[in-house]
Amino acid sequence: MTEISTPSHKRSRLNPTLARYLQAFTTPKGQIALALIVLLAGVALLAPVIYPQGHDLQTRDSLLPVSWAHPFGTDELGRDILVRSIYGLRTDLALASVAVPISMILGTFLGLSGALSPRLGVLVQRALDIIVGFPGLILAICVVLVLGAGWTALLVAIVVGGLPSFGRLARATLLSQQHQEYVIAARTLGVDKWRIMVRHILPNAIDPIIVQGAVFVVAAVFTEAALSIVGLGLQPPEPSLGILLNIGMRYITIAPFYILGPTLILLLLALAFSLLADALNRTVNRT
Amino acid sequence: MTMSVARGCGPFRSSMLAAGIAAVLLGSTAAAWAQERGGILTVSQSADAQPINILALRAGNAPWIRNVFETLTLVDPQTFQPQPVLAQSWTLAEDGLSMDITLRDDVTFHTGRPMTAEDVKFSFETAATPESASQVGFIAREFESIEVTGDHSLTIAFKRPLSNIFDFFEETYIIDRETYDQREDGSQVVGTGPYMFSEWSPGASIILKRYENYRSTDTAWFDEIEFAVIPDPTASIAALRSNRTQITTGLTPRDTVEFIRNPQFSVLETGGTIYPLGVNVTIPPFDDKLVRQAIAYAVDRDRINDQVFLGTGTVTDLFWSPAAPGYSGELANHYTYDPDRARELIAEAGAEGAAIPIIVPAIPSQRSIFEIVQNNLREVGLVPEAVVLDVADFDQRQIAGDLGAAFLLLHGQVGFSSPTLLSSLPSLRQGNPSAFWNDDYVALREAMLASATPEALGDATAALSEYMLDEAFSTVLVQAPGQAVMSSGLQGVVATVRGQLVLAGSYLE
Amino acid sequence: MFGFLLRKLPSVAMVAFISSIIAFVLPRLAPGDPALTIAGSDATPEQLAAVRERMGLLKPLYQQYFDWIFGMFRGDLGESFIMRRPVASVIGSRLESTLELALLAMLLMIIIGLALGIAAGSPRSKWARAVLDAMTTVFLATPPFLTGLLLILFLGIFVPILPISGEVGFLEDPLLALQYLILPAVALALPQAAIVARLLQTAMNSARGEDFVDLAKAKGVPPGQITRRHVLRNSLGTAVVALGLRAGDLLAGAIVIEAIFARNGLGSLAVYSVQSRDYVVLQVLILGAVVIAVFIQLFSEIILAALDPRIRLEG
């Protein structure tokens, strides 16, 4: 990793990296995580095939109790809660799969920006401190208010919320690496700063960031749920796990199974990505 | 549909309620209840108090304000006839252009100062200013003059006959001109009622204490009434069940359903809300009357009432109270759920597949209503999309009359007379978000505002209703009452037509 | 370290200054203003304009900003637009609820975290280890709001033994207050406790590899005593640091937990201030939170530098 690699080395270096991450799935935790993620993502992707009638099939049967036809009962407008939960999962996974990579890449870059200019690095770090300091949801709520409730606002809120954690990890690597001999050597040799950042520092930062990415999926879903609780989530009739929780909370004494469905799905989702993060963490630390 | 109308009359008729009000109003007849004084009553409410807004009705003030403040008159919820409170009597001039009012001479403010006609004048003039935000302030702007003719008498001259003058009296509390400026932080909220405003902890509670020098001693049985601010319905229900509170206000029908058949609790209706679906007549496809009518046919109002309001609401096409002159079942059911007819009209207008953005405030009941409306409109070949706005954003645009092509509104103004609604409802007044204002409409409105007798008002209301239904610029979906739940040991609690709680005569068995 | 702090001072002041601008501007970018909450949705445009004028919202923005900043230097945080009370007293009245929740959660975090961590860091059978590991993994994975919902369902609805929403002041009725506090506090504490347990476990495992442990073993000290006397004592430092850092996260998690359990603390005040556009309350809450976070961040940089000599403290 210390030598300056030429393009021909690139392919041979990338593959082992990928293989290293894949090794995570050989551990028991990794296998459980893989099984859960395949299950959840599979159900979410296939939802329109399994339930071709869609998630907005309203009937006059409001708040039916649990039955074989409706494993979690029906909602206030007579729609099957299981179907809505699965479509909700689909919404949340779609949101996370767009927002998490964006936040990850942007956050990492911001964290490493200190390699271009130490002053910029400190400035970015302070900016991220401000984001961290915003009390919990308030930043997300403000973002949604300014942009108007909907998919875009939710996306921006999640991306911004994730920047500090990725930025901090990248910066920690930068701080520990920038005084290493090979970096100092590269700098004295006049290697381009961008090149130092991408070629030397980034590879050292990538492991913890990938692990954090898995953790952040849960945080992204959490942001969606929390915004929905305040009533600023997605637009109806699109269900999301957060919206189901929000409405279900109001029927908690009459129809407790209303929130049980989405809660269990969220729990599985959280567990899956946390196990994945664990497995990845262990694998990258072993090698 | 006929069934729902018959049921719909229920919410606005309650003999127990009327008897209670009469008892409070007449004061002395309550002697039959040999009550003991003492104890604390705790009421929960979902919104915080706004002492700054004494003259504008606010959800956070409705539970307590009528126990601290009084008005000249109070409308009997059954007969809709005004009953005297602070006014002893009134005489309307033959030409309908002035009114002589005689006040009680034994009324004092909580500061101990006797109330005089000057205070009434001050209260009316304050209500007329825009910063009071009074919903009935526009009526006071029709006053030519207010002349104080004695310590306890005054004469109001009108610019024109005001058939809704009692709506103004009903909503305009008599305020103390010496302390009104210091009300905002709750330190000096001074009225003439049986309870004094003693303490306000923002976001937590309001505490009232008995006013010992009240003119009648047969009232105010509790030493203290605490209004706990509990925004979460589950928490306020839990508080009621554990007897931490004895009355819970601000619940939705979904929350109260479990109490309806429970003998330990009783449910009281408190005012109500009108839920219209409006469209802007200048924005295609709604510039075509046929599309507007199609929408009125397409929406399944009964399902909205059953699933969102659990059948507690009144399914109607009209803004007026079912007890109002000129209200008829025929008009109220002008549009019934008829998707086939809606499709035909849309086809005739050539509006199939039109995309319709509908602005919805981020309020749970509105979201549910929207989901049903969306489902209904899709069924008839339109493509509705929700634009959910935060409540502050929504309010701002409603006030400015700028809500885009279509919008779901809610007006908590059940209990006003029809002429008042005409000017106070954002959906109907000048500058409405439907951008509907033309000579025919103005002429019909003027006829209604000018009617001096109930018969004339009835005819004018029917004529205007027919016109409005045909134009279909704002379609009422349902009128639903507010609900309060109380433990059944509590007697003598009364709600006014506008939904404020009157607790002076209440006591625990 | 004091030199480091001194060098940090300008940058902390800068962050505070920028945050104050953001805290001032961001809420005002959202459509609507506090006059709407006062004027109400049925108001006419003239009424709204009159209320705005009266509330001082028509003053130029820069003037409102400087009024606020200079007020703060005099110890005056400003006055709530909606409640017409000093912001300090508005915040003060909500502080108790959040503090009670945070303190109990912190207590639970320490107890559960240490118990789990010590249990997992001591020699155990393979099975016990697997169970403990699974527990920490599940706790770690589940965000507080999810734990909260599950607790509500199982301990409040299916087996109704604890109240699920609302609160009672601790000074009013300590026993009842505790009943209302326990579920939200557990929900808030579990994920944090799991983090503490993980760190402690790792520290204990590495301490176990040190020479002095081998020496003790060679001297025939019983395993329980080795864990207590040698391993734990040398690992607690890490745990204490972790606990301190986690305290900040507890406060952040309180917003959603307060919403779910219908508690009336700072979190719900913040949400209410956003909804009613009570800018003055909101900007104080935001600025306060940012400043606290910056200090926690500084603190963690110092600790990390002490732990890892490769990291240099930059000015």
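Read-outs throughout are calculated quantities, based only on the coordinates presented, and are distinct from any laboratory measurement. In this text, all values refer to a predicted model and were calculated from it rather than measured experimentally. Cβ coordinates were reconstructed from backbone atoms using ideal geometry, including for glycine residues, and neighbour counts include every protein chain displayed.
Which translational diffusion coefficient, to the nearest whole µm²/s, is obtained for region A:16-70 from the Stokes-Einstein equation, given a Kirkwood hydrodynamic radius over C-alpha pairs, 4 °C and 1.567 mPa s?
88 µm²/s
Please provide three numbers in whole Å: the alpha-carbon extents of the protein assembly as shown along the principal axes, with the largest listed first.
109, 69, 58
Could you calculate, for region A:153-243, the ratio of the Cα radius of gyration to the Kirkwood radius, expressed as Rg to Rh?
Rounded to two decimals, Rg/Rh equals 1.21.
Give, in whole angstrom and from largest to smallest, the semi-axes √(5λ) of the equivalent ellipsoid of chain C, with λ running over the eigenvalues of the Cα gyration tensor.
Ellipsoid half-lengths, sorted descending, are 45, 27, 14 Å.
Take B:94, C:258 and order them by how many other Cβ atoms sit within 10 Å, fewest up front.
B:94, C:258
Using only Cα atoms, find the angle between the long axis of helix C:87-121 and the longest principal axis of chain C, and express it within 0 to 90 degrees, rounded to the nearest 10.
The helix C:87-121 is inclined about 20 degrees to chain C.
Taking the alpha-carbon distance from residue C:217 and a cut-off under 26 Å, which lysines remain once sequence neighbours fewer than 8 residues away in the same chain are dropped?
Residue C:217 reaches C:126.
Could you work out Rg/(2.2 N^0.38 Å) for region A:110-174, with Rg from alpha carbons only?
For region A:110-174, the normalised Cα radius of gyration comes out at 1.22.
Tell me, rounded to the nearest percent, the portion of alpha carbon pairs in chain B spaced more than 35 Å apart.
The share of Cα pairs beyond 35 Å in chain B comes to 34 percent.
Which value results for Rg/Rh of region A:33-98 when Rg is the Cα radius of gyration and Rh the Kirkwood radius based on the inverse mean 1/r?
Values: Rg = 12.9 Å, Rh = 12.5 Å.
Reported Rg/Rh, Kirkwood definition of Rh: 1.03.
Hey, if you drop one equal point scatterer on each alpha-carbon of region B:321-464 and run the Debye formula without solvent, what base-10 log of I(q)/I(0) do you get at q = 0.09, 0.15, 0.22 Å⁻¹?
-0.36, -0.98, -1.32
Long-range amide H contacts for residue B:359: which residues qualify at under 5 Å (H placed 1.01 Å from N, peptide plane, sequence gap of 5 or more or a different chain)?
B:387, B:406, B:407, B:408
Starting from the Cα gyration tensor of region C:5-152, multiply each eigenvalue by 5, take the square root, and state the resulting semi-axes largest first in whole Å. Walk me through the intermediate numbers first.
Values: eigenvalues 450, 103, 43 Å².
Ellipsoid semi-axes (Å, largest first): 47, 23, 15.
If Lys and Arg each add +1 and Asp and Glu each add -1, what is the summed charge of the other residues whose beta carbon sits under 14 Å from the beta carbon of residue A:277? Could the numbers behind the result be given before it?
On the way: positive: A:29, A:282, C:198; negative: A:207, A:278.
Its environment carries a net charge of +1.
Using only the Cα atoms of chain A, what do you get for the radius of gyration and for Dmax, in Å?
Final numbers for Rg and Dmax: 22.1, 75 Å.
Could you please tell me the mean projected area of the C-alpha convex hull for region B:319-385, averaged over all directions and given in square nanometres to one decimal?
That works out to 6.0 nm².
Picking from C:104, C:199, C:29, which is most flexible by a Gaussian network model of chain C using Cα springs under 10 Å?
Result for chain C, Cα springs under 10 Å: C:29 fluctuates most.
Kirkwood Rh over Cα pairs of region C:248-297 into Stokes-Einstein at 4 °C, 1.567 mPa s: D in µm²/s?
Here the translational diffusion coefficient equals 115 µm²/s.
For region B:325-341, just list the computed ³J(HN,Hα) in residue order, Karplus coefficients 6.51, -1.76 and 1.60, θ = phi - 60°, integers in Hz, with x standing in for Gly and Pro.
The phi angles translate into x, x, 7, 9, x, 4, 5, 5, 10, 4, 9, 10, 4, 8, x, 5, 4 Hz.
Compute the Rg/Rh shape ratio of region B:73-151: radius of gyration over Kirkwood radius, all on alpha-carbon atoms.
Values: Rg = 13.7 Å, Rh = 14.2 Å.
That ratio equals 0.97.
On full extension of the chain, what length is gained from residue C:228 through residue C:2, given 0.36 nm per residue of separation minus the C-alpha to C-alpha distance? Please report the intermediate quantities before stating the final value.
Details: separation 226, 0.36 × 226 = 81.36 nm, distance 3.48 nm.
Computed gain between residue C:228 and residue C:2 is 77.9 nm.
I'm a student and want to see the number: the projected area of the Cα convex hull of region B:112-217, averaged over all directions, in nm².
7.8 nm²
So how compact is region C:1-88: Cα radius of gyration and Dmax in angstrom?
17.2, 60
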